[in-house]
1. Suppose each label sits 7 Å from its Cα in the direction of the beta carbon; what would the residue B:393-residue B:199 distance come out to in nanometres?
2. Rounded to the nearest 0.05, what FRET efficiency do residue B:628 and residue B:654 give with R0 = 35 Å and r taken as the Cβ-Cβ distance? Could you check?
3. As a footprinting exposure proxy, order B:527, B:704, B:484 by other Cβ within 10 Å, with the fewest listed first.
4. For the residue pair residue B:285 and residue A:23, what label-to-label distance in nm results when each label sits 7 Å from Cα along the Cα-to-beta-carbon direction?
5. Evaluated at 4 °C with a viscosity of 1.567 mPa s, what Stokes-Einstein diffusion coefficient in µm²/s does chain A have when Rh comes from the Kirkwood expression over alpha-carbon pairs?
6. Given R₀ = 25 Å, FRET efficiency for residue B:555-residue B:619 by Cβ-Cβ distance, to 0.05?
7. Compute the Rg/Rh shape ratio of region B:200-240: radius of gyration over Kirkwood radius, all on alpha-carbon atoms.
8. Length gain on complete extension for the stretch residue B:756 to residue B:400, per 0.36 nm per residue less the alpha carbon to alpha carbon distance?
């Protein structure tokens with residue numbers, strides 16, 4: 001069970017990393033025009 | 001720059017009396033002063049501008065690609081992005097090589113009409129707000145999930161199952177992940193509570209903020225000082241969970257608000273008003289209407305509005321003052337007669353010397369009358385605020401009392417009882433009960449083509465028992481329709497109509513247009529030497545198009561009875577006569593063009609137990625006839641009303657205890673709209689009227705009025721259910737929390753469940769009514 005003393009702090013770091021990912025996604029505008037990505041395949045360039 | 005201030009009108013006047021064509025209007029946007037309303041300089045690139053436009057006529061992704069390709073091909077345009085869903089485009093262009101009218105015309109050529117999006121920067125602010133909101137919500141959500149994981153072992157472990165170190169480790173982990181929630185996600189609650197404290201007021205945010213701080217402090221002490229007076233219990237899971245649910249509620253609220261606000265702002269996107277001003281050298285230049293000064297001479301084309309009060313100096317025409325006076329018939333205006341700002345020129349181009357502009361015009365006076373009336377508007381919103389205050393104070397007192405009572409027993413337990421009281425009272429359910437239902441109702445209305453300007457108007461609309469309609473532009477369209485045709489023996493009505501339409505094609509008078517429309521495209525007759533006599537009629541030579549039967553052209557007159565030289569017994573309706581050399585040939589009765597669903601809408605309102613009234617500035621017989629056609633009781637129809645008459649009538653009805661909704665269109669309805677309990681404006685009317693009405697109807701369907709009343713009543717039903725639920729919940733749970741039977745986590749769960757109930761109940765409103773609204 002000692003491994004938990006490593007895994008629990010690791011899970012905290014992991015959550016913080018995921019939060020970082022969420023921040024990146026929100027401020028890159030990923031959630032603003034969710035339809036545009038599906039339509040991108042229609043574009044030529 | 002001076003030469004670009006006003007683009008010379010290089011084009012001939014728009015043919016056929018149509019409103020000024022777009023190319024000319026866009027050239028106004030080439031004025032750098034106009035740029036800032038929809039564009040801004042690109043920071044790093046000198047002389048580059050970023051413009052926002054809305055495209056009309058877009059319906060799919062392919063449209064966006066077509067526009068992008070067309071606009072990108074214009075020299076000077078650097079980048080184009082068009083959103084298929086939003087119908088909005090962002091165009092970066094260089095003012096060295098291009099003008100806005102260049103790329104606007106390029107988009108028009110491929111079939112999409114661009115409008116400058118003046119609201120782009122407002123929507124940008126909204127976008128930033130939404131991003132922060134999602135970010136706060138995401139932080140709370142992710143941290144909540146992980147803190148729940150850490151809390152889980154403590155709930156299921158039997159005493160002695162977990163080592164003390166492991167227990168401590170999980171608490172520290174929970175504490176670390178609670179910090180971003182407290183410092184970042186809770187910030188709006190703390191900010192609002194602080195602001196209210198500074199203003200010595202109280203809001204729903206104060207108990208919430210208190211609950212958050214106390215929970216966090218008690219839990220932190222439990223983590224780091226388990227032997228302290230507050231004991232070793234921690235509540236990080238309850239804490240993160242109720243923050244997450246509170247933010248979910250706020251976010252849903254923000255989203256629903258934006259949907260209505262966005263649709264409304266889009267309404268304000270339109271081309272600037274412009275007019276042709278005479279230059280000293282005698283030529284004309286097209287300038288923005290607000291640049292007109294007293295003493296200027298302007299040329300007002302058919303279809304344009306007069307930019308100020310003034311006198312006609314050259315030419316003769318008909319004007320439509322129905323927006324200002326309610327008079328639906330065109331009025332003749334010749335040299336020397338006065339025209340008023342905001343009325344429309346229907347006939348021919350005229351020169352007008354401007355005598356009053358801006359605040360001095362009759363238009364502005366009506367506006368100020370409107371503002372006076374709006375200040376006396378009944379405001380039910382304040383009542384709700386007054387009710388909330390004692391409730392919140394009671395909650396705080398209750399929490400303090402419970403804490404004081406339990407303090408001697410166990411301080412840690414005492415504080416958590418207080419937190420349980422603060423949280424379980426669920427300001428969330430109470431505060432969401434009304435706006436959640438109203439926003440859902442407003443969203444449903446917006447999808448059906450009715451925009452809600454003030455949410456509380458829904459509350460008022462639900463109680464309405466009288467609906468007052470205006471006539472012109474509301475029950476009727478602005479144009480005329482052909483009624484019965486009586487003819488001389490030997491001439492069929494169809495034939496008479498064909499001949500009349502042949503003459504009428506040469507005229508822009510509304511009556512002529514109605515005749516042309518009624519006759520259709522069949523051109524069996526041609527005309528020569530047509531002369532129009534302003535205010536009287538049209539005269540000309542008429543002969544058959546094939547030239548076989550009537551080789552001799554006949555001289556004919558179309559117009560008023562006097563112009564045609566015939567005696568017709570005076571009637572209440574509008575007539576046009578047709579005469580040839582032998583005298584009277586035919587009489588055309590002209591009716592106001594009733595909206596197709598007018599009668600059905602009146603009936604639908606009556607079926608809901610609502611009394612329908614008709615007040616109009618038009619002459620009494622015309623009003624009575626419309627009332628008869630749509631099924632309004634003759635006693636409830638009044639004509640010849642000035643705006644003041646209408647307002648007096650409305651006040652009298654309100655004094656009798658009636659709850660009145662007003663449906664109007666023209667500016668003259670402004671004061672009445674503002675004085676009514678609830679008001680509707682039809683979307684084609686002037687923006688000012690819209691700004692003063694509670695509801696704006698975008699389409700042409702009158703039926704939406706009845707639907708709105710029905711939906712408002714359902715909304716208030718849901719609000720009542722929500723309030724009863726929230727009150728019952730609080731009545732049961734607060735005593736439980738006060739006596740300490742309700743742990744904080746259960747309080748948080750109860751709170752979340754009660755607010756979810758409220759939101760889901762409110763969403764029922766949008767789910768069930770969306771289908772009939774679309775049908």
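Please treat every number below as a calculation from the coordinates, not as lab data. The structure presented is a predicted model; accordingly, all values stated were derived computationally and were not measured. Heads up, the Cβs are rebuilt from the backbone with ideal geometry, glycines too, and the neighbour counts pull from every protein chain shown.
1. 1.8
2. 0.85
3. B:484, B:527, B:704
4. The answer from the label model is 5.5 nm.
5. Values: Rh = 13.4 Å.
D, rounded to a whole number, is 97 µm²/s.
6. 0.15
7. Numbers: Rg = 12.2 Å, Rh = 10.9 Å.
Rounded to two decimals, Rg/Rh equals 1.12.
8. Answer, rounded to one decimal: 125.4 nm.
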